[in-house]
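The values are calculated or read from the model by the stated rules, or taken from the named source; none is laboratory data. Every value quoted in this text rests on a predicted model; they were computed, and no experiment measured them. Counting neighbours? That spans all protein chains shown, and the Cβs are built from the backbone with ideal geometry, glycine included. Remember, those area values only see protein heavy atoms, side chains included, never the ligands or the DNA or RNA. Shrake-Rupley method; radii C 1.70, N 1.55, O 1.52, S 1.80 Å.
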Amino acid sequence: LKDPSFETKILLNKGLDSGVLLRNGNLYSTVDGLELCENGEVANFSNAVKYLDNPKHQDVRTLVEAKINNTK
């Protein structure tokens, strides 16, 4: 629980469970096709966590959280 990205990792798993996020092999994206990584990176789990933790991508994180909440 000391992992600073714990909440983001949970968010990724909730996103997958609710169908808001997709995993194709080891690559993570939104259902809209946005790869969860910076340009030039591979959208693997670690980079997806880093992407959603980045303050400049909080709009994407907020959208994912809202979509998850709407599927409940």
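Of the listed requirements (1) in contact with a helix residue (DSSP H, G or I) (Cβ under 8 Å, 6 or more places away or on another chain); (2) loosely packed, with under 15 Cβ neighbours inside 10 Å; (3) among the hydroxyl-bearing types (Ser, Thr, Tyr); (4) at pLDDT 95 or above, residue 28 misses just one: (2). Given the structure, is residue 50 crowded, with 16+ Cβ neighbours inside 10 Å, touching a Gly at 6+ places or on another chain (Cβ under 9 Å) and at pLDDT 95 or above? The answer is no for residue 50.
Taking the condition open to solvent by less than 40 Å² (accessible area, probe 1.4 Å) and closer than 15 Å to residue 53 by Cα, does residue 21 pass? Here the answer is no, as residue 21 does not meet what is asked.
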